[in-house]
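Just so it is clear, none of the values below were taken in a lab; they were calculated from the coordinates. Here the structure is a predicted model, which is why all the values come from computation and not from measurement. Glycine also receives a Cβ, built like all others from the backbone with ideal geometry; neighbour counts cover every protein chain displayed.
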Amino acid sequence: MAYVIRGKKDKKKHKTKLNYLMVEKRISITKLAEISGLERPQISNIASGLHTNIFLNNAKRICNALGTSLDETFGEGEVDLKTRLLTEIDAKIEKLDERDAEGHLWYNKFKDIILSK
């Protein structure tokens, strides 16, 4: 018997708890797919919020790969501020030109401050 975790049925991309956890743990979609044994597009669609109805065994595989619980990864509720800030900082760092040393320095200092709290 297969169980399905059901979510809201909006087809818009949005950041999910899974997305934030992947950034926090510094794991890419490709790496998570490799570790969990799921397909990369499947992980991508779940992380972006396009797929909200997933089989429980697939959810467990993702959780095992991340070392998290089902509630931490897929549960209802808000993502904590620290995780949201780190996700935003990582996104900003990725967008920086590699020659922008000062920008990298400031973002990484800010990130260190958040991680030390």
### Task
Only loop residues by DSSP count here, and only those with at most 13 other Cβ atoms within 10 Å; note down the GluC sites (Glu not before Pro) in segment 63-107 that meet that.
Glu76, Glu78, Glu98
### Query
Which ordering of Phe110, Phe74 is given by a fewest-first count of other beta-carbon atoms within 10 Å?
Phe110, Phe74
## Note on the structure
Residues Ser69, Ser116 in order from fewest to most other beta-carbon atoms within 10 Å are Ser116, Ser69
